[in-house]
Amino acid sequence: MARFSSRSARNRRRQTAGTLYLVGAVVVFAAVVFFLFRGDSSAPQEDLTDAGNTGPTAARESERATPRLAAEANPQLASVSPDVPAQATPQERPQETAQETPPQVPQPATVDRLAQSLPVTPANVASEPPADAGVDAAVADAMAMLQARPRQVIAARDKLNETLSLALTAQQRQAVKTQMARLSDEWLFGPAAFAGDTLCETYRVKPGDVLQVIGRRNNVPYEAIMEINNIRRPESLQAGKALKVIKGPFHAKVYRSTFTLDLYLRDTYVRSFKVGLGKPGYETPTGVWRVKEGGKHIKPTWTDPDTQRVYKANDPDYPLGSRWIALQGVSGAAKGRTGFAIHGTKSPEQIGMAGSRGCIRMYNGEAIQVYNLLFPLYSKVEVLD
């Protein structure tokens, strides 16, 4: 009886162990199946031809992961900088091979340091050279001179003019030019000559003096002397009269990119004018021009070179406006060229645009001002991009 009980116990233990082994095997098998199916369901859906090809697939995944990681590590990189090359599209990338080593994905700390070292500039903001550190101080000095008693107009003008040779932002340059244009109404176009001014002086008229000769001696048109001295007729000049005389010549710089003409007396900035320039195919040539001798006219007869129509001053559709200042090419692309001029216009809506056959168009009133200041042979007009 005892032997039977012992044998039954051993049988029961064998059955229990077998059951446990079976259950364990089932659990292990189920776990393997579970993880295999889980891995398949979370894997990115790729073309079957890439299955098992870890080189290209891993490389593409790494390329996609890198910019995401950089943007998360430093949000500034989310905006594209013109100084950072754009990521190549799939068509622009070189063909990948299975032997290529997948690029390493930077760790967040590494990406953060890299991102901080890159200049981030908004794509719609044009980069400018850094402003000179002395600009604000120079402008402040000039303003102090104008607020002093008595006002130091000439010293302030010269200080501001020196400032234009420094590295300025566009906003600073425009502010300096605006202030200098206001000052020109006082030191240049006003009736008084200031002590110490090397650009204007007082001249006492001698018997036999003629305005045209006085102007020629100073390389300025006599019309400018008449205007600033409020002289109605040249023949009314009287001996002993004190005249304010400008010591020229005047020059101009024309900027094609901004459709602007800047006027200078010698090397001193005076003021700016908006102009119209040559249209595509008739671009205003860059280079240095000079005012042609005998080339200044008031509404001259003009023949259209395309249609051969002859326009006279009293024609209702006369195209040249109030004045004509013929130019002669001296250097650059302008060298040896003729037929170009600064003139008025019957189409003021085209000022600030490219609409002429290459000439420099101005509003009619401003064309008269420039006509009265530029002197043949001595006044130069430089056209720049």
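The values are calculated or read from the model by the stated rules, or taken from the named source; none is laboratory data. What you see is a predicted model; the values in this text were computed from it and never measured. Quick reminder, even Gly has a Cβ in these numbers, built from the backbone with ideal geometry, and neighbours come from all protein chains shown.
Out of V254, V330, V291, V270, I need the residue that is buried (at least 16 other Cβ atoms within 10 Å of the Cβ), assigned by TED's automatic domain parsing to the domain that holds R361, closer than 30 Å to T198 by Cβ and in contact with a Pro (Cβ under 6 Å, 6 or more places away or on another chain). Which one?
On the way: V254 fails: in contact with a Pro (Cβ under 6 Å, 6 or more places away or on another chain); V330 fails: in contact with a Pro (Cβ under 6 Å, 6 or more places away or on another chain); V270 fails: in contact with a Pro (Cβ under 6 Å, 6 or more places away or on another chain).
Unique residue meeting the criteria: V291.
Could you list, in sequence order, all residues of segment 224-281 that are in a loop (DSSP other than H, G, I, E, B) and acidic (D, E)?
D267
Among what's in segment 201-260 and is at pLDDT below 95 and basic (K, R), pick the residue that is nearest to G352 (Cα to Cα).
R232
When you scan segment 313-320, do you find a residue that is over 30 Å from W187 (Cβ atoms), aromatic (F, W, Y), surrounded by fewer than 20 Cβ atoms within 10 Å (Cβ to Cβ) and not assigned by TED's automatic domain parsing to the domain that holds T202, even just one?
Within segment 313-320, the first condition is being over 30 Å from W187 (Cβ atoms), and the residues that meet it are 313-320.
Subset that is aromatic (F, W, Y): 318.
This time we only want the ones that are surrounded by fewer than 20 Cβ atoms within 10 Å (Cβ to Cβ), so: 318.
Those still in the list that are not assigned by TED's automatic domain parsing to the domain that holds T202 too: 318.
Checked against the condition, which is being over 30 Å from W187 (Cβ atoms), aromatic (F, W, Y), surrounded by fewer than 20 Cβ atoms within 10 Å (Cβ to Cβ) and not assigned by TED's automatic domain parsing to the domain that holds T202, segment 313-320 yields at least one hit.
Select from segment 194-223 the residues that are touching a Leu at 6+ places or on another chain (Cβ under 9 Å) and assigned to a helix (DSSP H, G or I) and write down the one among them that is surrounded by the most Cβ atoms within 10 Å (Cβ to Cβ).
The extreme case among them is L211.
Restricting the search to segment 283-303, which residues are in a loop (DSSP other than H, G, I, E, B) and touching a strand residue (DSSP E or B) at 6+ places or on another chain (Cβ under 7 Å)?
Of all residues in segment 283-303, those in a loop (DSSP other than H, G, I, E, B) come to 283-286, 298-301.
Listed by number, the residues that qualify are T284, P285, T286, P300, T301.
Out of everything in segment 348-385 that is within 14 Å of Y282 (Cβ to Cβ) and in a loop (DSSP other than H, G, I, E, B), what residue ends up being farthest from the chain's Cα centre (by Cα)? Steps first, please.
Our first condition is that a residue be within 14 Å of Y282 (Cβ to Cβ); within segment 348-385, this holds for 350, 353-361, 383.
The next check asks that each one be in a loop (DSSP other than H, G, I, E, B); those that pass are 353, 357-359.
Working: M353: 17, R357: 25, G358: 23, C359: 23 Å.
In this case the residue turns out to be R357.
Select from segment 165-193 the residues that are over 20 Å from I231 (Cα atoms) and not in a helix (DSSP H, G or I) and list them in ascending order.
S165, L166, A167, L168, T169
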